[in-house]
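Step one of this worksheet: look at the structure below.
The values are calculated or read from the model by the stated rules, or taken from the named source; none is laboratory data. The structure displayed is predicted, hence computed values, not measured ones. Neighbour counts run over all protein chains shown; Cβ positions are idealised from the backbone, glycine included. Please note that ligands, DNA and RNA were not included when accessible areas were found on the heavy atoms of the full protein model with its side chains. Shrake-Rupley method; radii C 1.70, N 1.55, O 1.52, S 1.80 Å.
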Amino acid sequence: MDNLPILTPLELKVMDVLWNLQNAFVKDILEHWPEEPQPAYNTVSTIVRILQDKKGYIGHHAHGRTHEYFPVITKEEYQQ
């Protein structure tokens, strides 16, 4: 896992929620958001797509038109 892109503070919050839940839909990420105010649904959805498509931190399982996301690296791997 060399050369992983650095996460922005907002991306790191999304990843922290995913690392805790292991599998989550965007609505689940929002339900477990660590502070108020929560970001907008579309904001979290966009960040999740960036983390998946551009940065390679998460994967997904398709459930019809919705996606359940999961981390593909551990928090420990990121911290190294």
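The table for this structure:
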read-out	value
Cα-centred dipole magnitude for the chain, charges only on beta-carbon of K, R (+1) and D, E (-1), debye, nearest 20	300
Lysine pair number, Cα distance threshold 16 Å (strictly under), the stretch 5-80, separation 8 or more or different chains	4
Probe 1.4 Å, accessible area per residue of the chain, Å²	65
Extension gain from K54 to E76, taking 0.36 nm per residue of separation minus the Cα-Cα distance	5.9 nm
Option label - Rg and Dmax of the Cα atoms in Å computed here, alternatives (1) 14.6, 54; (2) 13.8, 53; (3) 11.9, 36	(3)
Accessible-area composition of the chain, carbon plus sulfur, in percent [1.4 Å probe]	50
